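Below is one structure, written out as structure tokens, with a few remarks after it.
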Amino acid sequence: MKKNILYIGLLIVFISSIGFIILQYQHKEKKMEAMVYTMLPRKGLLAKTDEWIITQKNIALLQRKIKANSNDSKSIIALANYFILEARATGNYPYYDMAAMKLINDALKIDANNFEALTLKSLIYLSQHHFADGLATAQKARDIIPYNAFVHGILVDGNVEMGNYDSALDCAQKMMDIRPDLRSYARASYLREIYGDYTGAIDAMKLAVGAGAPGDEATEWSRVQLGHLYENTGDIKSAEMNYKIALNERSGYMYALAGMARLALAAKEYPKAIDYYQQAAKDATGNTFMQELANVYFLAGQKQKAEDLTKNVIDELNKNAQAANTNESIGHYADKELSYAYLSINNVDKALEHALLEYNRRPKNIEVNETVAWMYFKNNEADKALPYLQEALKTNSKNPTLLCRAGLIFAKKGDTVKAKKYLQDGLQNNPTIDESLKADVSQQLKNQNIVFAK
């Protein structure tokens, strides 16, 4: 009898707890639905552009239309698209992705098969690193309208992030067949880079830049990517030229400033690199470029600044990750970023923990496998690193950082032939890779009595 009373009591407590959790969740959902999102004031030079004036006017007009007719799906989706574009322009993805997702869900309540709403929802999922959800949503949109270049572009991105590289190639070809433009050329470039074809990647990104209007964010973003490709092949002059053109066409463009910061860092001009990153951060929101800045502080001997800034970055990333865990539809998964942030302050245990969390979400992605391999190597577990490294190398990527890491791991395993090959290939063009990594590679080459002309 006493046991029955105990069980009944425990059952009542359990049901009450579940009820409380449900009420809390419903309260949170209602609170989100009640929120009214709008454009936040821009910072720095971004606030002084004609584009910003026009954007504000268009936003105000769309908001008036939605207020007059809450079922105006066309205006709802147009407003969501503005929020998505603003996220990239300012780096404030947490706020604008949340705002856009709310609007997209409003549109999907009106019509669950709204093609444009589904494509934008997929785009937001990818932005927030909910890659599996983003891919599934894009596939649903593709089933509604199969011959649309934009949705095939999203499918390229989703498949790449999930490590489905053959499927990404198929989608890229379909995108190109439907509409060869900036977006399709840029994706073709990225896939060529993944497969180790830097010459082809540069050619395709040149086409992307040429297909856009000078000064447009998408055009200058492509130009910055072109500069980064030149960085990875050691063509510093061409990289610098592209960053400077981007800054001339789009004054104060944060991603071009970050490119200039990397070049200054490679030249060991630390004050200049710090200045460029600080300039970039003026127009950005949140922790954009903060980890890169922390790394420069460390190399410049300002260790306390580096540690403090990195801890701030980690706190912010953990906050976003917590949002992702509590809300399946939004919140940035940040385990890969957290892994490298923890490594920068020598917390290898946490770095490995987060690398494995990311791996569990997308075990076929080469960058994720590289991350896990590197964290095991840093944890003095080269045996465990090797299978992940081999997966990371499966597309024959020529990314110099990956090749240098591979060389060091093979050297640790005693495979001197592979170590020599990867170390030399990684440094052959003297690319702008991390300074400490470059030093480790140079030392390893010296240990193996390998004379290597840079």
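The values are calculated or read from the model by the stated rules, or taken from the named source; none is laboratory data. Here the structure is a predicted model, which is why all the values come from computation and not from measurement. Using ideal geometry, Cβ is built from the backbone for each residue, glycine included, and neighbour counts are taken over all protein chains shown. The area values use the complete protein model at the heavy-atom level, side chains included, leaving out ligands, DNA and RNA. Shrake-Rupley method; radii C 1.70, N 1.55, O 1.52, S 1.80 Å.
Within the chain, which is the longest segment that contains none of the GluC sites (Glu not before Pro) sitting in a DSSP loop with at most 16 other Cβ atoms within 10 Å?
By the stated rule (loop sites, at most 16 other Cβ atoms within 10 Å), 1-268.
Put a dot 7 Å past each Cα toward the Cβ at Asp216 and Ile345; how far apart are the dots in nm?
A separation of 4.2 nm, rounded to one decimal place.
Test of understanding: what is the full-extension gain from Gln278 to Ile144, defined as 0.36 nm times their sequence separation minus their Cα-Cα distance?
So the extension gain works out to 43.7 nm.
Assign unit charges at the C-beta atoms only (+1 for Lys and Arg, -1 for Asp and Glu), then state the dipole size of the range 252-400 relative to its Cα centre in Debye, rounded to the nearest 20.
With only Lys, Arg, Asp and Glu charged at Cβ, the dipole is about 320 debye.
How large is ³J(HN,Hα), in whole Hz, for each residue of the range 228-235 in order, when computed from phi with the Karplus curve 6.51 cos²θ - 1.76 cosθ + 1.60 and θ = phi - 60°, using x for Gly and Pro?
Result, ordered by residue: 5, 4, 5, 4, 5, 9, x, 8 Hz.
What are the ³J(HN,Hα) couplings of the range 44-51, residue after residue, when phi is run through the Karplus curve with 6.51, -1.76, 1.60 and θ = phi - 60°? Round to Hz, x for glycine and proline.
x, 5, 4, 7, 10, 8, 4, 4
Classify the chain as rounded, prolate or oblate, taking a ≥ b ≥ c as the square roots of the eigenvalues of its Cα gyration tensor: rounded when a/c is under 1.5, otherwise prolate if a/b is larger than b/c and oblate if not.
oblate
Which net charge results for the neighbourhood of Ala382, defined as the other residues with beta-carbon distances under 11 angstrom from its beta-carbon, given Lys and Arg at +1 and Asp and Glu at -1?
Once all neighbours under 11 Å are counted, the net charge is +1.
Quick one: accessible surface of Asp133, probe radius 1.4 Å, all protein chains present, in square angstrom to the nearest 10.
70 Å²
On a C-alpha basis, how far is the centre of the range 275-295 from the centre of the range 112-172 in Å? Whole number, if you could?
So the separation of the two Cα centres works out to 30 Å.
Say R0 is 51 Å: what FRET efficiency, to the nearest 0.05, do Ala439 and Ile53 get from their beta-carbon distance?
According to the calculation, E is roughly 0.60.
Would you kindly state how much longer the chain becomes between Gln448 and Leu357 on full extension, computed as 0.36 nm times their sequence separation minus their alpha carbon distance, in nm to one decimal?
29.2 nm
Would you mind checking the pairs Lys121/Lys311; Lys336/Lys418; Lys364/Lys420; Lys350/Lys384; Lys43/Lys65; Lys174/Lys206 and listing those with alpha carbons more than 22 angstrom apart?
Among Lys121/Lys311; Lys336/Lys418; Lys364/Lys420; Lys350/Lys384; Lys43/Lys65; Lys174/Lys206, the Cα-Cα distance tops 22 Å for Lys121/Lys311; Lys336/Lys418; Lys364/Lys420; Lys43/Lys65.
Below 14 Å, Cα to Cα, which aspartates and glutamates can Lys413 reach? Residues fewer than 8 away in the same chain don't count.
Glu381, Asp383
Can you give the charge dipole size of the range 47-206 about its Cα centre, rounded to the nearest 20 debye, using +1 on the beta carbon of Lys and Arg and -1 on the beta carbon of Asp and Glu?
Rounded to the nearest 20 debye, it is 640 debye.
Under 16 Å between alpha carbons, and skipping anything fewer than 8 positions from Lys421 in its own chain: which aspartates and glutamates qualify?
Candidates past the 8-residue exclusion: Asp440.
In the neighborhood of Asp181, defined by Cβ-to-Cβ distances under 13 Å, what is the net charge if each Lys or Arg adds +1 and each Asp or Glu adds -1?
Summing Lys and Arg as +1 and Asp and Glu as -1 gives +1.
Taking square-rooted eigenvalues a ≥ b ≥ c of the alpha carbon gyration tensor, is the range 55-133 rounded, prolate or oblate, where a/c under 1.5 means rounded and, failing that, a/b exceeding b/c means prolate?
Oblate is the answer for the range 55-133, as a/c is 1.5 or above yet b/c matches or exceeds a/b.
Given an 8 Å cut-off on Cα distances and at least 6 residues of separation, report the relative contact order of the chain as a percent.
11 percent
For a paramagnetic label modelled at 7 Å from the Cα of Asn71 toward its Cβ, which residues of the range 108-141 fall within the zone defined by backbone nitrogen distances under 20 Å?
108-118
Please state the charge dipole magnitude for the chain, taken about the Cα centre, from unit charges on C-beta atoms (+1 on K and R, -1 on D and E), reported in debye and rounded to the nearest 20.
Taking the Cα centre of the chain as origin, the dipole is about 500 debye.
Kindly provide the helix-only [θ] at 222 nm of the chain, computed as the sum of -39,500 (n - 2.57) over DSSP H runs of four or more divided by all residues, to the nearest 500 deg cm²/dmol?
Calculated at 222 nm, the ellipticity per residue is -25000 deg cm²/dmol.
Just to verify a number: FRET efficiency for Asp166 and Asp315, C-beta to C-beta distance, R0 = 35 Å, to 0.05?
Computed FRET efficiency for Asp166 and Asp315 comes out at 0.35.
May I ask you to derive the FRET efficiency for Gln173 and Gln390 from their Cβ-Cβ distance with R0 = 22 Å, giving the value to the nearest 0.05?
Computed FRET efficiency for Gln173 and Gln390: 0.20.
I'd like the accessible area for Tyr297: 1.4 Å probe, protein heavy atoms, all chains in place, Å² to the nearest 10.
Roughly 20 Å² of Tyr297 is accessible to a 1.4 Å probe.
Provide Lys394, Lys48 ordered by accessible surface of protein heavy atoms (probe 1.4 Å), highest first.
Most to least solvent-accessible, the answer reads Lys48, Lys394.
Contour minus end-to-end for Lys303 and Asn248, with contour as 0.36 nm per residue of separation and end-to-end as the Cα-Cα distance?
In short, 16.4 nm is gained.
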